[in-house]
Amino acid sequence: MAAASEQRGREYLERYKIPELLHNLSALLLYHRPERPREFLINALERAKLAKLTDAEYPYLVDESNLESMFEMLDVTSQGYITLVQYKGALQTLGLTTQNLPCEDTTITLEIFKKEVKKLLQESWAIYQS
């Protein structure tokens, strides 16, 4: 009886992506370490809600300069691109999905890298808004 109740609880949390949401909020909290953590978390949730309704920026841990630095670290020979394997590794490091990526051996430029990572970051926040 208790096991069935626990399973239903897990399914509920998974359906609404609550563990992922709490992970994102905890990461933001630890990164910024605000003096008023409850207010900060409420603010982050409000910003995520606003971003879903408008074109406002989602509350991310990474900004444009972080993405550029990450890309430069991957592009050690300054060729202007990285491999798909490197790209997948970067996504995994950021905790983002690597599903639906091209299967062929393709190269990823800085512009594609920034655009796609931002899109995936937005999607990671948007899944909590359902």
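Miscellaneous remarks
- Residue selected from segment 68-82 under the condition among the hydroxyl-bearing types (Ser, Thr, Tyr) and under 18 Å from LYS118 (Cα atoms), by the criterion modelled with the highest pLDDT: TYR81
- Residue count for segment 51-65, restricted to those that are surrounded by 14 or more Cβ atoms within 10 Å (Cβ to Cβ) and either part of a helix (DSSP H, G or I) or at pLDDT 75 or above (or both): 2
- Evaluation of GLY95 against the conditions (1) without any contact (Cβ under 8 Å) to a residue 60 or more places away in the chain; (2) in the same structural domain as GLU123 (by TED's automatic domain parsing); (3) outside any helix (DSSP H, G or I) shows that the sole unmet condition is (1).
- Applying the criterion of being surrounded by fewer than 14 Cβ atoms within 10 Å (Cβ to Cβ) and closer than 19 Å to LEU67 by Cα to the residues of segment 108-130, the residue that is modelled with the highest pLDDT is GLU111.
The values are calculated or read from the model by the stated rules, or taken from the named source; none is laboratory data. Note that the structure is a prediction, hence the values are computed from the model and not measured. With ideal geometry, Cβ positions are generated from the backbone for all residues, glycine too; neighbour counts draw on all protein chains shown.
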